[in-house]
Structures are given as structure tokens and as C-alpha cells.
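Reviewing the structure listed below.
The values are calculated or read from the model by the stated rules, or taken from the named source; none is laboratory data. As the structure is a prediction and not an experimental result, all values here were calculated from the model. Heads up, the Cβs are rebuilt from the backbone with ideal geometry, glycines too, and the neighbour counts pull from every protein chain shown. Accessible surface areas use protein heavy atoms only, side chains included; no ligands, DNA or RNA. Shrake-Rupley method; radii C 1.70, N 1.55, O 1.52, S 1.80 Å.
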Amino acid sequence: MAASKWLAPLLLAAGVAACTTPAPPPPSPAADRVYVMNCGQNAATDQSRWSPGVNVGKPFELSDNCYLIRHGADWLLWDTGYPDAILGRPVSNPTGTATRTKTLAAQLAEIGVNPADIRWVAVSHTHGDHVGNVDLFPQATLLIQKAELDWAFAPGKPPPFQRERPIRPLEGDLDVFGDGSVTILSTPGHTPGHQSLLVHLQHLGWVVLSGDLAHFRDNWNMRRVPSMNTSPEQTQASLARVAQVLADKHAQLWINHDKAESLAQRHSPAFYD
């Protein structure tokens with residue numbers, strides 16, 4: 001009898017606590033899949049172009065990826081790589097030699113996607129290794145920062161792609177699908193309108209696609225600013241911003257041009273979900 005006098009209140013309290021414990025929050029909306037696609041390589045002659053004062057004169061290779069994102073019935077292509085036209089024809093550029101071993105069009109066809117199926121094309125910036133195939137998708141809406149568009153089409157500069165097409169000029173971040181699963185992040189500095197992409201997948205979690213925010217892991221770790229960047233100050237601010245996003249979201253950072261990291265990833269037709 002004595003035991004029941006103190007046990008009953010404890011059981012009652014436990015029951016009340018169980019009833020009042022809030023339900024866990026619903027899972028964050030997620031994109032369905034991300035395909036990593038081989039969009040070229042660059043055999044560079046001097047790594048210090050990207051890491052001033054470090055590895056001067058050292059040749060190295062940069063990967064170049066595109067990322068196809070499925071969200072329900074919609075497709076978003078992030079960056080388009082070197083032009084498919086250079087397949088089998090190495091092309092010299094100011095930093096080295098660019099090559100392609102697969103076309104973007106063939107990789108899309110391999111998973112049953114036609115260029116006309118792509119609703120949005122978003123580019124991190126307008127350097128040639130990122131916009132080489134924009135014109136393969138003339139019906140898709142191009143998502144690009146207004147500052148980047150103005151810079152790329154300034155008088156006297158060769159146009160990086162056809163201007164007469166659907167374009168949505170951005171002035172900051174954009175929640176692409178309206179549910180928080182895929183967000184363009186304004187990260188200027190490498191170019192005036194550079195942007196990165198935050199993606200949430202159900203199983204993988206959160207990942208930031210770098211664009212050219214950093215070109216390889218050591219540069220990210222050391223917060224180095226490449227010599228060709230248009231603004232060191234904006235670059236440092238963007239590096240700090242993405243570092244905070246990574247911390248807040250417990251996200252991965254996928255560095256596009258880091259060849260070792262690219263080789264370790266699964267590539268299309270495999271995918272992440």
C-alpha cells in the first residue's frame with residue numbers, strides 16, 4: 001500500500017509527459033535525385049593560378065562536372081560544362097588544355113532525358129567551362145544573377161551563349177521549387193554574379209554544389225583567392241557565407257573542379273537520392 005502511494009504519482013507524471021511531448025518536426029522537403037555528369041577536364045600548366053604563391057609551375061588536372069536534379073516531374077540542370085563540340089578534339093585555353101570524353105547530350109540520353117525535358121538551366125557563372133552547352137537547351141529558363149548577365153554581355157565581350165532565350169535574372173538567392181529543397185545562393189567574388197547551389201536529398205542530406213567558389217579542397221581549407229577572381233573581398237565573404245550554411249545544415253561541400261573528389265563520386269547513370 002505504501003509503495004502505491006508514491007508510485008501512482010510517478011506513473012501519472014510519466015503519462016502526462018508522454019502526452020505532452022511534441023511530435024518530431026516533419027522531414028524537410030527534398031529533391032528526388034542528383035546525377036553527377038562528366039562535363040570535361042582541364043589539364044592546367046600552373047596550379048598557382050588558382051592558389052597564388054603555392055605550387056608555382058606545378059601542372060595539375062581539374063575535373064568539370066554538371067549536375068542534373070530531378071524534383072517531381074521537373075528537371076534542373078546545374079552548369080553545362082565544356083561544349084560537346086570538343087569531344088575528341090583537345091582545345092588549348094589560357095590555363096591549359098580542355099578535353100571531353102563524353103558529351104552532355106549522350107549522358108542525358110543514357111537516362112532517358114531529352115534536352116527539351118529540362119525546365120531550368122542554372123549556371124554558377126559564365127566562364128566557358130560552365131556555359132559551353134547552354135544553347136543545347138533553348139527552351140529552358142536560364143537562372144543567372146543579373147550582375148553576371150550584365151558582366152558577361154558587356155560591350156566588346158564575345159557573348160557566352162545566345163541572349164535571345166528565356167532568362168530569369170536574379171538579384172540574390174532563389175528557392176527554385178518553392179519548397180526549400182533546392183536554393184540558389186548568391187556567392188559573388190569569382191565573378192560579379194557567381195552563385196552556388198544548396199540541395200537537400202532524403203538519404204544523402206544537404207549538399208552545396210560549389211561552382212567555382214573554391215577549385216580544390218586545399219584552397220577551400222586555406223580560404224585562398226585565385227588570381228583571376230574579380231573581387232577578393234566578395235570571395236572571402238562568400239566563403240564565409242557558405243561555411244555558415246554548411247555548419248547550419250550539416251551539409252557536404254562538393255567542389256566541382258577537385259578531380260580526386262570527383263573520381264570518388266558516383267557518376268551518371270548512377271545517382272544520389
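Quick notes on this one:
- In the range 131-182, the GluC sites (Glu not before Pro) that fall in loop regions by DSSP, at most 13 other Cβ within 10 Å: E164, E171
- Note that the chain, at 25 °C in a medium of 0.890 mPa s, gets a Stokes-Einstein diffusion coefficient of 122 µm²/s from its Kirkwood radius over C-alpha pairs.
- In the range 107-194, the trypsin sites (Lys or Arg not before Pro) that fall in loop regions by DSSP, at most 15 other Cβ within 10 Å: R163
- Between helix 232-249 and the chain: long-axis angle, C-alpha atoms, 0 to 90°, nearest 10: 30
- Under a model in which nothing but the beta-carbon of Lys, Arg (+1) and Asp, Glu (-1) is charged, the range 138-244 shows a dipole of about 220 debye around its Cα centre.
- Prolate/oblate/rounded label for the range 168-228 (Cα gyration tensor, a/c 1.5): oblate
- D173 accessible area, assembled protein chains, probe 1.4 Å, Å²: 80
- For the chain, built as a Gaussian network whose Cα springs stay under 10 Å, the top-fluctuating residue of A247, A147, A260: A247
- Heavy-atom surface analysis with a 1.4 Å probe gives the range 95-191 a carbon and sulfur content of 51 percent of its accessible area.
- For the peptides 91-98, 174-181, the ranking by packing is 174-181, 91-98, with the highest mean count of neighbouring Cβ atoms within 10 Å listed first.
- Between the range 157-206 and the range 243-273, the Cα center-to-center distance that results, in Å: 16
- The chain: relative contact order in percent, alpha carbon pairs under 8 Å with at least 6 residues between: 19
- Options S92, V54, V34, ranked by Cα towards positive dipole end of the range 21-148, top entry (Cβ charges): V54
- Neighbourhood charge, 13 Å Cβ-Cβ cut-off, centred on L136 and excluding it, Lys, Arg +1 and Asp, Glu -1: -3
- As a size descriptor, the averaged projected area of the C-alpha convex hull of the range 46-142 was calculated at 7.0 nm².
- Solvent exposure of T103, expressed as accessible area, is near 30 Å², computed with a probe of 1.4 Å over the protein chains only.
- Among P158, P226, P83, residue whose mean-square fluctuation peaks in a GNM of the chain (springs only between Cα atoms under 10 Å): P158
- Per residue, the chain reaches -7000 deg cm²/dmol at 222 nm when only DSSP H runs of four or more residues are counted, each adding -39500 (n - 2.57).
- Principal-axis analysis of the Cα atoms of the chain puts helix 2-20 at an angle of about 30° to the longest axis.
- Spin-label model distance (nm) - K259 vs Q139, 7 Å beyond Cα toward Cβ: 3.8
- Computed magnitude of the charge dipole of the chain (debye, nearest 20; Cβ of K, R +1, Cβ of D, E -1): 360
- Cα gyration tensor shape of the range 119-221, rounded if a/c is under 1.5, else prolate or oblate by comparing a/b with b/c: oblate
- Probe 1.4 Å, accessible area per residue of the range 82-195, Å²: 44
- With K and R counted +1 and D and E -1, the other residues having a Cβ less than 14 Å from that of E61 yield a net charge of -1.
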